[in-house]
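The next block holds one structure in the form of structure tokens; read it before the comments.
The values are calculated or read from the model by the stated rules, or taken from the named source; none is laboratory data. From a predicted model like this one, the values you see are computed outputs, not experimental measurements. All Cβ positions, glycine included, derive from the backbone under ideal geometry; neighbour counts span all protein chains shown. Note: accessible area is taken over every heavy atom of the protein model, side chains too, but ligands, DNA and RNA are not part of it. Shrake-Rupley method; radii C 1.70, N 1.55, O 1.52, S 1.80 Å.
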Amino acid sequence: YFSSVECRARFFFVTSLREPLTRIASHLAKVGASVEEGLAWASRTHVETIGRGTAAVDNFYTRSLLGREAFHGIEAGNVTLEESDRAFDVLKQFDAVLILERLSVSFRQLAYKLGWCLPATLNLCDLRPRHCPAYANLDEVRGAFGALNAPDAALYVKADRLAADLERDLPLPRRCTARDEL
């Protein structure tokens, strides 16, 4: 899609990332899976579903950015830092890269690049992620999945810097007027 002149002219490419281990903890809580069940997914190539398979707990961002073959084709535990670097090359082609941990700042990329105004009723501070008590033991997730997800952690650090570069010097979004709401 990125190489298609027609797609680039018609579409705005945006993605958001969350700190990888926090994403895994949130995902496990969302699908009602234990850390032990997640470890079982991580121990083999398991593609029963996207939400309950290897990629959900094994370098989800790197696999996703590299496409279908990498998402389903890289054996469990075999994502490398080199693949993470290739994934970052894909990420650099996006028009906006939002970081969930600071979404209120990242939102400015969309407002600026898409000409959006900021509704009077929207408080950007309300866009930050909420703590989810269902995965309060984030240390357990970090211990179980930290080393395995080192490529995604490296990708996330680069993505955070890329987002900061994209946000640098952006003006605050203008407030919407009654005319904007028509």
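Odds and ends about this structure:
- Neighbourhood net charge (14 Å Cβ-Cβ; Lys/Arg +1, Asp/Glu -1) for residue 146: -3
- When both region 141-182 and region 1-37 are represented by their alpha-carbon centers, they are found 12 Å apart.
- Lys, Arg +1 and Asp, Glu -1 on Cβ, resulting dipole of the chain about Cα centre, debye, nearest 20: 660
- Of [x] 15.7, 46; [y] 18.0, 56; [z] 17.1, 55, the label for Rg and Dmax of the Cα atoms in Å derived from the coordinates: [y]
- Sulfur and carbon atoms: percent of accessible area, the chain [1.4 Å]: 55
- Residue 100 contributes about 50 Å² of solvent-accessible surface, heavy atoms of the protein only, 1.4 Å probe.
- Nonlocal amide H pairs with residue 99, under 5 Å, H built at 1.01 Å: 17, 106
- For residue 161, solvent-accessible area (1.4 Å; no DNA, RNA or ligand), Å²: 140
- For the set 50, 24, 74, the ranking by accessible area, highest first and with no ligand, DNA or RNA atoms included, is 50, 74, 24 under a 1.4 Å probe.
- Amide hydrogen neighbours beyond the local backbone of residue 176, cut-off 5 Å, H modeled: 118, 120
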